[in-house]
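The values are calculated or read from the model by the stated rules, or taken from the named source; none is laboratory data. In this text the structure is predicted, and so the values were computed from the model without any measurement. Cβ atoms come from the backbone with ideal geometry, glycine included; neighbour counts cover every protein chain shown. To get the accessible areas, we keep the full protein, side chains included, count just its heavy atoms, and leave off ligands, DNA and RNA. Shrake-Rupley method; radii C 1.70, N 1.55, O 1.52, S 1.80 Å.
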Amino acid sequence: MAKTINVTRNGQSAVFNFKSLDRAALYGKRRRIAFDEAGKACLRASLLNDGSMVLKSGMTGQGYFLPDGRWVAQGDLEGINPDGSPAELVPSTIGVDVALEGPVPIEEVLDMKVATVYKLDAESLPEGLNSSLKSGDCYRFPFNFRPDYRAETGILLANTDGTWALIGEPVTHEWSEFGRAVDVVAATADDEDADDLDFEMF
């Protein structure tokens, strides 16, 4: 069954198939491949500091070694909040109806730190939402590809090339202006030492 992004607005649902858009899709890519003496492609691997084990690509994503050498599987890890309390696992939104918020100002889109861009293909799209998107409106929705401890923010928009979902995190800015006092943090001895540049090192 295909994975879909499902959103609702004014009691009506829209369902989109989606495909990640990356630099390789836009510009193409080149790969540098090493071959051994027999002409077979080499596989990249890492050697542990003590030389006891060779790790191939993908093996480190299965878990972690503790400083004492014990192995902890990825599935055994739990999220912890800064105060030490257990973090709540946020379920996946794939295939689940989530409400659109907005239209949101274009400034909110520009203030996004975008991590992923999805090209959307509508399975169903109400005419009201379609017209709104074509007129330049943008909508916000919660997004979580897989269960995680932190949901991302999605922005639904459209242009002449199609319909898109921008996935990332809002970026907040602290502005300063004339007539407004600036909060100055007192520098420590370590900070002062760090600012000393030795130009003879260049």
| Near the amide H of VAL98, under 5 Å away, which other amide H atoms are found, from residues 5 or more places off or on another chain, if H is placed in the peptide plane? | ASN6, VAL7, THR8
| Between ALA87 and GLN12, what is the spin-label point distance in nm, taking each point 7 Å from the Cα along the Cα→C-beta axis? | 3.8 nm
| Using helices alone, what [θ] at 222 nm do you get for the chain, with -39,500 (n - 2.57) per DSSP H run of 4 or more residues, divided over all residues and rounded to the nearest 500? | -3000 deg cm²/dmol
| query | Of all the accessible heavy-atom surface of the chain, with the other protein chains kept in place and a 1.4 Å probe, what percent is carbon and sulfur? | reply | 52 percent
| note | Among region 1-38, those whose backbone N falls under 18 Å of a label point 7 Å along Cα→Cβ from ASN159 are 19-28
| What full-extension length gain, to one decimal in nm, is calculated for ILE80 and LEU48 as 0.36 nm per residue of separation minus the Cα-Cα distance? | 8.7 nm
| request: Could you grab the relative contact order for the chain? Cα pairs under 8 Å, six or more apart, rounded to a whole percent. | output: 22 percent
| request: List, in the order given, every pair from LYS3/LYS119; LYS19/LYS113; LYS19/LYS40; LYS19/LYS134 whose Cα-Cα distance in the structure shown is over 24 Å. | output: LYS19/LYS40
| request: Using only the Cα atoms of region 32-125, each taken as one equal point scatterer with no solvent, compute I(q) by the Debye sum, divide by I(0), and report log10 of the ratio at q = 0.17, 0.18, 0.24 Å⁻¹. | output: -1.07, -1.10, -1.34
| note | The simple spin-label model distance between ASP121 and ARG31, using points 7 Å out along Cα→Cβ, in nm, is 2.4 nm
| Quick one: ranking LEU43, LEU129 by accessible area, 1.4 Å probe, largest first, what do you get? | LEU43, LEU129
| What span do the alpha-carbon atoms of the chain cover on each of the three principal axes, reported in whole Å from largest to smallest? | 66, 62, 42
| remark: Toy charge model, Lys and Arg Cβ at +1, Asp and Glu Cβ at -1: the chain dipole around Cα centroid in debye, rounded to 20, equals 1800 debye
